[in-house]
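S.K.: Have a look at this one before I ask anything.
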Amino acid sequence: MLAATVLLAACGGGVKYRPVSDVPVKIGKPYSVRGVTYVPAADPTYDYLGYASWYGSESGNQTANGERFRPKAVTAAHTTLPLPSYVEVTSLDTGRTILVRINDRGPFSGRGRIIDLSKGAAQQLGMHLKGVAPVRVRIANPSEKDRKRLREGQEAAERPRVPESVLAKWRAQLAAEK
């Protein structure tokens, strides 16, 4: 009995994790959370302003696409984009833009939240001390080198900062949407 318990503990409690890979891409069926129905779909024009939050205490949990959640990796959760997808996330506070790999579903709380970042992504974006921050999220098609780095849990190549004049325009647009 003891040997079986040790063996199960070593296997992650029997959870079978999918290897970190970009194939197959999963879109998934419509699903409901707290009375809201979400319809996953590919959206090559996805480009939205909203709010990002972050999560990080779920280390080892299984993500929606079957991978093991790694808080220090640069990943995120999105309600409808295919799994995995890649997006650029820009902080409207600082103009810093990072590349993120979406491998989970969420956020399901908080009005105006459009993405949940892992702790690693939140730290790279510079919002880990805030909890919630205004962002622009748009679909990206990164190089294979950047994809590989993100699959390995590392940061992708640094992206150019967004000029203050553009950030001011986006902040005003987001404020008008409230």
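Values quoted throughout were computed directly from the atomic coordinates according to the rules given, and no laboratory measurement underlies them. The model shown is predicted, which means the values in this text are computed figures rather than measured ones. Using ideal geometry, Cβ is built from the backbone for each residue, glycine included, and neighbour counts are taken over all protein chains shown.
S.K.: Based on other C-beta atoms within 10 Å, arrange S91, S21 from fewest to most.
M.R.: So the ranking, lowest neighbour count to highest, is S21, S91.
S.K.: Among I114, I102, I27, rank each residue by its count of other Cβ atoms within 10 Å, from fewest to most, as a rough exposure measure.
M.R.: Listed from fewest to most nearby Cβ atoms, that is I27, I114, I102.
S.K.: What residue among A76, A156, A41 has the largest mean-square fluctuation in a Gaussian network model of the chain, using Cα springs under 10 Å?
M.R.: Among A76, A156, A41, the largest GNM mean-square fluctuation belongs to A41.
S.K.: Is there a pair in K26/K119; K26/K130; K29/K169; K26/K145 whose C-alpha atoms are over 26 Å apart, and which pairs would that be?
M.R.: Over 26 Å Cα-Cα: K26/K130; K29/K169.
S.K.: Further question: With a cap of 15 neighbouring Cβ atoms within 10 Å, and only residues DSSP puts in a loop, list the trypsin sites (Lys or Arg not before Pro) found in the stretch 36-131.
M.R.: K72, R111, K130
S.K.: So, one more: Nearest-5 percent of antiparallel DSSP beta bridges in the chain?
M.R.: So the antiparallel bridges in the chain amount to around 75 percent.
S.K.: Hey, another quick one. In sequence order, what are the phi-derived ³J(HN,Hα) couplings for the stretch 117-134 according to the Karplus relation 6.51 cos²θ - 1.76 cosθ + 1.60 with θ = phi - 60°, rounded to whole Hz, with x for glycine and proline?
M.R.: Rounded to whole hertz, the list is 9, 5, 4, x, 5, 4, 5, 5, 6, x, 10, 5, 7, 8, x, 9, 8, x.
S.K.: Let me ask something additional. With θ set to phi - 60° and the Karplus curve 6.51 cos²θ - 1.76 cosθ + 1.60, what are the ³J(HN,Hα) couplings of the stretch 17-23 in order, to the nearest whole Hz, using x for Gly and Pro?
M.R.: Once θ is set to phi - 60°, the couplings for the stretch 17-23 become 8, 6, x, 5, 8, 8, 10 Hz.
S.K.: I've got another one for you. Give a residue-ordered list of calculated ³J(HN,Hα) values for the stretch 74-85 (Karplus: 6.51 cos²θ - 1.76 cosθ + 1.60, θ = phi - 60°; whole Hz; x for Gly, Pro).
M.R.: Those phi angles translate into 9, 10, 7, 10, 9, 6, 9, 5, x, 10, x, 9 Hz.
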